[in-house]
Amino acid sequence: MNRLQKKRATYSKIYKRIIIVGHPNVGKSTIFRRLCGDNSIIYNYPDTSIEIGVGWFMEDNKVFEVIDTPGGNSIYSNSEDDSIIRKIILENEDSIILQVTDTRNFKRTFLYTLELSELGLPIILDFNMADEMRARGISIDFQKVNEIFGINAVRTTADEGEGIDELKEAILTSSPPNFQIKYNDNIEQVINEITDVFEKNKKFSRAYANFYLFLPESVEEIFKDKYPEESIAKAKSISKIVYDCFDSPVEIELTKLKVQNAINI
């Protein structure tokens, strides 16, 4: 039994896992430390030198486990950091996603939020570094963010501990987003057909379909322990239909659609 397994064994009744994600240098690890204090461990993700933090805190008599992931840019990227984030999310299917961001690039933030929304998991959007927002005269309509995505949005300054109580309250009341990217009819048809293949896990089915459109070889290693070989082969075959719809690689065309959605928010 390794250190992580031993520590987890002391928390037999974890209410929910929280997975912290976000772009590099937005204060994710500071938020992690504010939530968990010293009640955490750091380990290298298997077969890598990438550090992952795992910690625990109690709120409303419930024990939460928090996983601090490396800085990422897209759940559909094949970079080492993004691949690890994707694996952690898929290994913890009943988790809450805490997206930590700042105000340097709203379009980039909302593009990531759009991708995460397709997972169907509860999401909290935390605009960290609120002190910088005030200094730059930036204000955010949190009610509007909630109306668009159907998720809780909060403001923190993790270095000073500002907003952490509000963040914990947002965690307790978190819910899955009600926003969904609408693709063209051909893509939607393919997504629905792949969704039917993986229908036993409805929560992740739309994201699974997108994974097959963006990077099928990368996710098959994860899916092989979840689904029969014939289901994986069928989904891969269906995804090829989309490739004939575009002149350029399908992942580029899909990214364009996501970026346009993010710009329109």
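Scanning for something touching a residue at least 12 places away in the same chain (Cβ under 8 Å), β-branched (Val, Ile, Thr) and within 20 Å of residue 77 (Cβ to Cβ), does the range 127-142 turn up at least one residue? No, the conditions are met nowhere in the range 127-142. If you go through the range 103-124 and keep only what is within 20 Å of residue 171 (Cβ to Cβ) and buried (at least 20 other Cβ atoms within 10 Å of the Cβ), you end up with 109, 112, 113, 116, 117, 119, 121, 122, 123, 124. Just one of the listed residues (202, 234, 240) is surrounded by fewer than 19 Cβ atoms within 10 Å (Cβ to Cβ), part of a helix (DSSP H, G or I), modelled with pLDDT under 80 and more than 22 Å from the chain's Cα centre (by Cα), and it is 240. Residues being assigned by TED's automatic domain parsing to the domain that holds residue 33 and farther than 25 Å from residue 257 by Cβ are entirely absent from the range 105-115.
Any idea which of 227, 208 is at pLDDT 75 or above, out of contact with any Pro (no Cβ under 6 Å at 6 or more places or on another chain) and outside any helix (DSSP H, G or I)? When all the criteria are applied, what remains is 227. Within the range 3-42, the set of residues being exposed (fewer than 13 other Cβ atoms within 10 Å of the Cβ) and either farther than 25 Å from residue 82 by Cβ or not polar (S, T, N, Q) (or both) comprises 3, 5, 6, 9, 10, 12, 13, 14, 24, 37, 38.
Going by the conditions given, is residue 214 within 23 Å of the chain's Cα centre (by Cα), farther than 23 Å from residue 96 by Cα and crowded, with 17+ Cβ neighbours inside 10 Å? Judged against the criteria, residue 214 is a match.
Of the residues making up the range 156-172, none is under 18 Å from residue 258 (Cβ atoms) and assigned by TED's automatic domain parsing to the domain that holds residue 34. Filter the range 177-194 for residues that are under 30 Å from residue 57 (Cβ atoms) and buried (at least 16 other Cβ atoms within 10 Å of the Cβ) and give the result. Result: 177, 179.
The values are calculated or read from the model by the stated rules, or taken from the named source; none is laboratory data. Computed from a predicted structure; not experimentally measured. Note that each Cβ is placed from the backbone with ideal geometry, even for glycine, and that neighbours are counted across all protein chains shown.
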